[in-house]
Amino acid sequence: MDGTEDVQDVAAIASREAELVAEIEGAPDLAALEALRVRLLGRSGEVTRRLKALGALPPEKRKEVGAALNALRDTLTDRINARRAALERAALTARLASERIDVSLPPRPAPAGGQESGVIHPISRTIEEIAAIFGAMGFRLAEGPDIETDWYNFGALNIPPHHPARAEHDTFYLPPAPNGETRVLRTHTSPVQIRTLLANPPPVRIIALGRTYRADHDATHSPMFHQCEGLAIDRTLTLGHLKGCLIDFLRAFFDMPNLPVRFRASYFPFTEPSMEVDIGWNRRTGEIGAGGDWLEILGSGMVHPRVLANCGVDPTEWQGFAFGMGIERLTMLKWGINDLRLFFENDVRWLSHYGASPFRPAALQEGL
Ligand code: DAH
């Protein structure tokens, strides 16, 4: 039985099986294996042809040879599948080896007289500085998603439907979630307050740094920008702690021990009382810290009891403060940058001027 003659005999089938298995094991690649499969098990393949020819045999022989041929077909199918899996594994291993990236390679040599190795974007640098300052005061980093539900972004923060504060946020709305909830690109980092309190019982002391979105675009507004949120909840935190914390932060960030800081009564739905924080500057020259004018720099307040209750925190036992600020704005003021769009144009000349060295991480002990 070699595939061309028509011998239907159990012993011949067994010896043919050994030959065919050897051929399968020797198939050099997936294409050769597939060709072999078609030649053996395809519609007019050797085994199929033999099965079709069974009808011509006398009944008692038909049964015996039929069983042997079915067993042959099953064995060949199993062997082909196993060989295919082995060839696929080998192909993947070879590909992984050939596409391997050696991350331990030294960096490319710096061009003569050029930038050494790229720089940290000024926004990233500000984020590092803020984290360093609040980190030294015991604040941990917290995170939340850019795509929020209406409830986290507004409702839980005591901004009910139709509240005028919603209109000020120029919200980007997304198609509703599968469960019907309204989804938005978060308009501020304040929803991280809610996520933090729901996940961790107080006391908590966190900052959240990240992207925020509003449908707004001009020299001082970008549809995507960054904010820093702060939240401190404990049993005895007061407005005094809020003031001390933010004065220390602003003086460290602008590196001015005597920077004038003013707290001005304001309104936010999620704080009571609420305050805007101003720093001293010179309106004419833009110089920070001198000149007798005031510049609003961030929002803050004592967390509203309703916000605490929305997070399952008992407002008769816990209290604390929150604050929020724009990272682009802080960066523009610190470095005298007057157009926010420059941050996102990524002009390499601009970046190499304002970028920070990656080899000098933000650290308080050296001054920022
Ligand atoms: N979420 C406010 C905004 O984007 C900023 C803000 C104000 C955050 C007061 C706070 C806060 O946590 O207490 O305009």
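The values are calculated or read from the model by the stated rules, or taken from the named source; none is laboratory data. It should be emphasised that the depicted structure is a prediction, and the values quoted were computed from it without experimental measurement. Every residue, glycine among them, receives a Cβ derived from its backbone with ideal geometry; neighbour counts consider all protein chains shown.
Exactly one of these conditions fails for A165: (1) out of contact with any helix residue (DSSP H, G or I) (no Cβ under 6 Å at 6 or more places or on another chain); (2) over 18 Å from G299 (Cα atoms). Give me its number.
With respect to (1) out of contact with any helix residue (DSSP H, G or I) (no Cβ under 6 Å at 6 or more places or on another chain); (2) over 18 Å from G299 (Cα atoms), A165 is out only on (2).
What do you reckon, is A14 surrounded by 12 or more Cβ atoms within 10 Å (Cβ to Cβ), outside any helix (DSSP H, G or I) and not hydroxyl-bearing (S, T, Y)?
Details: surrounded by 12 or more Cβ atoms within 10 Å (Cβ to Cβ): yes; outside any helix (DSSP H, G or I): no; not hydroxyl-bearing (S, T, Y): yes.
Against the criterion (surrounded by 12 or more Cβ atoms within 10 Å (Cβ to Cβ), outside any helix (DSSP H, G or I) and not hydroxyl-bearing (S, T, Y)), A14 does not qualify.
Restricting the search to the range 80-130, which residues are basic (K, R) and modelled with pLDDT under 85? Full working, then the answer.
Taking the range 80-130 first, the residues basic (K, R) are 83-84, 89, 95, 100, 108, 125.
Residue satisfying the conditions is R108 alone.
Which of the residues spanning the range 196-239 are buried (at least 17 other Cβ atoms within 10 Å of the Cβ) and more than 28 Å from P122 (Cβ to Cβ)?
Initial filter on the range 196-239 (buried (at least 17 other Cβ atoms within 10 Å of the Cβ)): 196-197, 202, 204-210, 212-214, 222, 225-233, 237.
Listed by number, the residues that qualify are L197, P202, V204, I233, L237.
If you check A165 against the conditions, is it more than 19 Å from the chain's Cα centre (by Cα), within 28 Å of L250 (Cβ to Cβ) and within 13 Å of the ligand (Cβ to nearest atom)? Lay out the reasoning, then the answer.
On the way: more than 19 Å from the chain's Cα centre (by Cα): yes; within 28 Å of L250 (Cβ to Cβ): yes; within 13 Å of the ligand (Cβ to nearest atom): yes.
In short, yes.
Of the numbered conditions (1) of a type in the set (G, A, S); (2) surrounded by 18 or more Cβ atoms within 10 Å (Cβ to Cβ); (3) away from the ligand (no atom under 14 Å from the Cβ), A322 satisfies every one except a single condition; which is it?
All conditions are met except number (3).
Can you name every residue in the range 333-348 that is buried (at least 21 other Cβ atoms within 10 Å of the Cβ) and free of Cβ contacts under 8 Å to residues at least 24 places away in the same chain? Walk me through it before giving the result.
As a first pass, look at the range 333-348 and keep what is buried (at least 21 other Cβ atoms within 10 Å of the Cβ): 343.
Selection gives nothing.
When you scan the range 336-351, do you find a residue that is assigned to a loop (DSSP other than H, G, I, E, B) and touching a His at 6+ places or on another chain (Cβ under 8 Å), even just one? If you could, list the steps in order and put the result at the bottom.
First, the residues of the range 336-351 that are assigned to a loop (DSSP other than H, G, I, E, B): 336-341, 346-347.
Within this subset, residues satisfying the condition of being touching a His at 6+ places or on another chain (Cβ under 8 Å) are 340.
Within the range 336-351, one or more residues are assigned to a loop (DSSP other than H, G, I, E, B) and touching a His at 6+ places or on another chain (Cβ under 8 Å).
Here are some residues: R214, R183. Which one is touching a residue at least 24 places away in the same chain (Cβ under 8 Å), out of contact with any strand residue (DSSP E or B) (no Cβ under 6 Å at 6 or more places or on another chain) and basic (K, R)?
Working: R183 fails: out of contact with any strand residue (DSSP E or B) (no Cβ under 6 Å at 6 or more places or on another chain).
Being touching a residue at least 24 places away in the same chain (Cβ under 8 Å), out of contact with any strand residue (DSSP E or B) (no Cβ under 6 Å at 6 or more places or on another chain) and basic (K, R) holds for just one of R214, R183, which is R214.
More than 19 Å from G299 (Cβ to Cβ) and within 15 Å of the ligand (Cβ to nearest atom): which single residue out of A208, A215, A232 fits that description? Break it down stepwise before answering.
Details: A208 fails: more than 19 Å from G299 (Cβ to Cβ); A232 fails: more than 19 Å from G299 (Cβ to Cβ).
Residue meeting the stated conditions: A215.
One residue is enough: does the range 254-271 have a residue meeting the conditions away from the ligand (no atom under 12 Å from the Cβ), assigned by TED's automatic domain parsing to the domain that holds F134 and touching a residue at least 40 places away in the same chain (Cβ under 8 Å)?
Looking for residues that are away from the ligand (no atom under 12 Å from the Cβ), assigned by TED's automatic domain parsing to the domain that holds F134 and touching a residue at least 40 places away in the same chain (Cβ under 8 Å), one finds at least one in the range 254-271, hence yes.
List the strands (runs of 3 or more DSSP E) inside the range 144-228, counting only whole elements, that have at least 1 residues being of a type in the set (K, R). Working first, answer last.
On the way: elements: 147-149, 183-185, 204-213.
Filter on the range 144-228 gives 183-185, 204-213.
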